[in-house]
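Here, each number is a calculation from the coordinates, and none is a lab measurement. This one's a predicted model, so the numbers in the text were calculated from it and none came from an experiment. Note that we place each Cβ from the backbone using ideal geometry, even for glycine, and neighbour counts take in every protein chain shown.
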Amino acid sequence: MAEREDRHDRATRRLWPALALPGTFWLIALFLVPIYAVMAVAFSGSINIFGEPQPAWNPLDWKYGTFIDVVQDSVTGPYQEVWIRTGTYCLVALVICVLVGFPVAYYTARLAGKRRGLILALILAPWWINYITRMLAWVNLLQDDGYVNKTLGVFGIAPVAWLSGNSYTVVLALAYGYLPFFIIPLFASLDRIDPRLLEASRDLGSGPTHTFLRVTLPLSKMGLITALVITALPMAGDYYTNTIVSGSPNTNMIGNQIELFLLQGPLKHYGASLVLLLSLVLLFFMAYYLILTQRAGRDAQ
Amino acid sequence: MSFDPTDPAWRPRPRPRPGLSRRNFLRSGLWLGAGIGAAPILSACNNAYPTVQSAGYPLARPSNPVTLPIRDSNPPIDAGLDPETGGDFKILNYDAYMAPGIMKDFGARHGVQVQVTPYSNYDEMLAKIRTPGESFDLVFPGPSVLSKMVYAELLQPLNHSYVPNLKNLWPEYQNPWYDRGARYTVPYTIYGTGVMYRADRVTSIPDNGYDLMWDEEYSGKIYLLDDLSEAIGMSLLRNHISKDINTGDPAFVQQATNSIIDLIGRVNVKTDVSAYSEVPEGTATIHQAWSGDPIAGQYYLPKGETPDVLGYWRPKDPADRVIGSDNIAIPKSAGKPVLSHMMINDLLDNDIALRNFGWNGYQPPLNKLSARYLIDQGYIPENLMSAVVLPEDFDLGLTFYEVTPDVEALWRQFWAEFKAGG
């Protein structure tokens with residue numbers, strides 16, 4: 001009996017690492033190798049005939065001049081504004097996501113009843129159409145003489161030059177584009193809240209507002225943070241939304257700056273350095289998120 | 001296609017390894033400025049940089065013409081070969097730069113499918129032509145990228161026996177300064193750079209037409225060319241910073257960049273290369289534009305509007321005019337090099353070239369298609385006469401050259417500052 005259990009244990013011990021293999025491979029091949037390649041370019045010390053950096057695969061050859069310049073330019077130089085702009089846009093877009101997304105997720109999880117499947121399908125419907133196609137469609141709608149301005153005209157509102165390089169257009173486009181990413185995890189978390197807890201709260205004399213603030217909100221906190229993280233990460237590196245609905249240097253985000261260096265011209269080491277810097281910044285927030293989840297996990301026990 | 005800068009074959013003499021940090025660029029730029037003698041502003045001449053060797057190969061200048069090398073490893077095709085048939089004939093070109101009808105006819109005549117892979121600037125073109133395993137049969141590089149493409153063996157030499165129409169070209173283009181003997185290229189188009197505007201919305205044109213770009217009256221409807229040389233070069237000229245539009249002086253480039261950064265806050269300036277459609281359609285009121293844009297723009301006008309709503313300004317003095325040219329070349333990777341030669345010959349044919357001009361608005365430098373001829377043929381309305389490029393523009397005008405990696409990196413970093421929003 002004991003022997004069989006022992007063998008079983010050994011098999012399990014081998015099974016779990018084996019199951020982790022695909023994930024490990026995935027992480028190495030699709031994360032560590034590319035990040036190393038980015039570092040090899042960012043820290044390159046020589047250029048070819050096209051003026052492009054020659055990747056320095058050996059860390060002993062790494063030169064940090066470009067990276068330091070990029071950090072300096074980001075802290076005090078010309079990119080400082082781009083970073084601030086990126087942060088502000090993401091923050092405002094996230095606030096819009098919360099204001100619009102939370103009620104939708106809440107309604108779908110708690111109040112939709114039979115129509116819940118339909119609503120979920122509608123939330124996911126934008127994903128049936130390619131992101132860029134949707135943005136291009138908006139460009140048509142937002143033209144000076146487009147349908148949006150025509151509709152505003154019906155209510156006597158003067159036409160808005162949506163596409164002439166405005167921050168609000170970019171922020172609204174970002175919020176619109178990433179809203180489904182926000183709603184779905186939040187919905188999952190709200191959906192998992194045991195309705196009996198809400199009933200208990202009501203039985204104990206709490207009104208709806210109080211119940212929401214003291215029960216629903218704390219219980220959905222992790223879901224909310226997850227939704228914010230999932231939305232914020234791609235938003236921070238987004239460049240095509242901006243390119244499509246604005247195209248003005250006025251609204252340049254850090255992703256546009258990276259695109260400029262990586263796709264236009266040979267200064268790829270500058271682009272790679274910005275990629276590393278952006279990764280570091282996001283890693284910082286990611287670490288905070290992981291600490292929060294861990295703490296939440298401990299509290300649950 | 002790998003280029004090893006350490007291979008002695010590539011470098012006639014050793015050069016100092018270019019530093020990559022921005023401070024180094026600035027420093028080396030200063031050194032260049034000082035070393036090359038009196039600031040270029042004093043000598044607005046073409047030979048501010050005699051043979052600059054730090055690119056690893058000689059940089060072509062009108063005062064210093066270059067003969068591009070033909071290596072044994074990359075010979076021209078033999079004479080008298082039969083043209084290839086069947087499959088795709090792949091052209092790497094700017095978008096909307098060759099008349100679709102010409103490509104269709106060529107394809108039908110030779111039994112091939114002509115395909116265009118578009119690019120919007122040389123950076124994109126270089127990226128595409130260098131993609132491993134990719135092959136193209138025709139490409140359109142200007143003088144500012146030609147040498148490096150030849151030295152990196154991206155192009156193959158021409159065999160002139162397939163190109164009898166070479167004789168139709170302006171004499172100076174049968175033997176141009178950037179490619180003595182037309183070894184790798186024939187010219188495709190010539191153009192100037194100026195300012196395209198809506199004549200019905202712009203009431204008065206200042207003496208210095210570049211000032212239109214700074215006019216707050218047209219805020220939100222002003223566009224720069226999305227091309228760092230053209231945009232910063234225009235600022236150098238408009239602000240009288242330097243008449244050397246290839247300057248390596250960081251102070252000059254900085255000053256010019258600051259001035260276009262000022263445009264962002266002042267008029268909410270935008271950048272793209274679509275003046276030919278945006279001005280006629282009314283998206284743009286003022287657009288820095290190549291001379292082909294207003295001519296092609298006639299065909300993009302909304303129904304009911306006539307070409308006199310279009311205007312185009314270039315400096316009066318030919319010595320102040322920015323001019324350029326694009327060439328036709330055959331990539332080394334070409335799968336149908338005989339057909340490539342035949343298409344080059346076609347594009348130098350007077351009738352085909354005229355048809356192409358009627359579509360894209362860019363003049364080919366052919367003797368027969370003189371400015372007078374094009375106007376008489378009704379291709380250019382009188383109000384767009386300023387878009388016609390004349391031979392004397394090429395004797396006196398300002399051209400963007402291929403520059404050293406340091407100078408190029410300097411310009412690009414300032415361009416990145418502009419793109420960052422200042």
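Residue ranges B:110-117, A:208-215 sort as B:110-117, A:208-215 when ordered by packing (mean number of other C-beta atoms within 10 Å per residue, highest first).
List, in the order given, every pair from B:LYS104/B:LYS368; A:LYS268/B:LYS128; A:LYS268/B:LYS243; A:LYS63/A:LYS268; B:LYS90/B:LYS332; B:LYS221/B:LYS419 whose Cα-Cα distance in the structure shown is over 20 Å. Can you show the working numbers first?
Details: B:LYS104/B:LYS368 25 Å; A:LYS268/B:LYS128 16 Å; A:LYS268/B:LYS243 30 Å; A:LYS63/A:LYS268 14 Å; B:LYS90/B:LYS332 13 Å; B:LYS221/B:LYS419 18 Å.
Beyond 20 Å between Cα atoms: B:LYS104/B:LYS368; A:LYS268/B:LYS243.
Comparing Cα centroids, region A:235-301 and region B:167-236 end up 36 angstrom apart. Residues whose amide H falls under 5 Å from that of B:THR271, counting only those 5 or more places apart or on a different chain, are B:LEU224, with hydrogens built in the peptide plane. Each Cα pair under 8 Å and six or more residues apart adds its separation to the average, and for chain B the resulting relative contact order is 25 percent.
The alpha carbon radius of gyration of region A:161-255, expressed as a multiple of 2.2 N^0.38 Å, is 1.50.
Look at where the Cα atoms of region B:69-126 and of region A:22-88 average out, and the two centres are 36 Å apart. Determine Rg/Rh for region A:145-185; Rg is computed over alpha-carbon atoms and Rh is the Kirkwood hydrodynamic estimate from the same atoms. Rounded to two decimals, Rg over Rh is 1.12.
Expressed in Å, the radius of gyration and Dmax of the Cα atoms of region B:187-254 are 13.6, 40. Computed from the C-alpha gyration tensor, the three semi-axes of the ellipsoid equivalent to region B:125-231 are 37, 19, 12 Å, from longest to shortest. Across the options B:TYR57, B:GLY111, B:VAL309, the greatest Cα extent toward the positive end of the charge dipole of chain B (unit charges at beta carbon of Lys, Arg, Asp, Glu) belongs to B:TYR57.
With each label modelled as a point 7 angstrom along the Cα→C-beta vector, the B:ILE205-B:GLU217 pair spans 1.5 nm.
Geometric descriptor of region A:1-72, per residue, is 132 Å³ (volume of the convex hull of the Cα atoms).
Taking a straight Cα-Cα cut-off under 18 Å and skipping sequence neighbours fewer than 8 places away in the same chain, no aspartates and glutamates fall within cross-link reach of A:LYS150.
Computed over region B:303-422, the percent of Cα pairs more than 17 Å apart is 71.
Rg/Rh for the protein assembly as shown: what does it come to with C-alpha atoms and Rh from Kirkwood?
Computed over Cα atoms, the ratio is 1.03.
Measuring r between the beta carbons of A:ARG295 and A:LEU91 and using R0 = 22 Å, the FRET efficiency lands at 0.40.
Taking every full run of DSSP H in chain A, the ones that stretch at least 27 Å from end to end by Cα along their long axis and average -0.5 or higher on the Kyte-Doolittle scale are A:80-106, A:167-191, A:268-300. Computed from point charges on the beta carbon alone (+1 for Lys and Arg, -1 for Asp and Glu), the dipole magnitude for region B:270-422 about its Cα centre is near 320 Debye. Here the convex hull built on the C-alpha positions of region B:256-361 has a volume of 190 cubic angstrom per residue. Toward the positive end of the charge dipole of region B:291-422, with +1 on the Cβ of Lys and Arg and -1 on the Cβ of Asp and Glu, the farthest Cα among B:ILE328, B:GLY421, B:PRO364 is that of B:ILE328. Take each residue in A:265-273, count the other chain C-beta atoms within 10 Å of its C-beta, and the mean is 4. Label sites at B:SER161 and A:ILE84, each approximated as a point 7 angstrom past Cα along Cα to Cβ, lie 6.8 nm apart. If only the Cβ of Lys and Arg carry +1 and only the Cβ of Asp and Glu carry -1, the dipole of chain A around its Cα centre is close to 1020 debye. Rg then Dmax, both in Å and based on the Cα atoms of chain B: 21.3, 63. Per the Kirkwood formula applied to alpha carbons, region A:79-264 shows a radius of gyration over Rh ratio, Rg over Rh, of 1.05.
Mind ranking A:152-163, B:316-327 by how tightly packed they are, going by the mean number of other C-beta atoms within 10 angstrom, highest first?
Averaged packing, sorted descending, gives the order B:316-327, A:152-163.
Separation of region A:115-150 and region B:285-351, taken as the distance between their Cα centroids, equals 38 angstrom. Ordering A:TRP62, A:TRP127 by the number of other Cβ atoms within 10 Å of each residue's own Cβ, fewest first, gives A:TRP127, A:TRP62.
Pair-distance distribution of region B:175-302: all C-alpha pairs, bin width 5 Å, starting at 0; shares per bin in whole percent are 2, 11, 19, 20, 18, 13, 9, 5, 3, 1.
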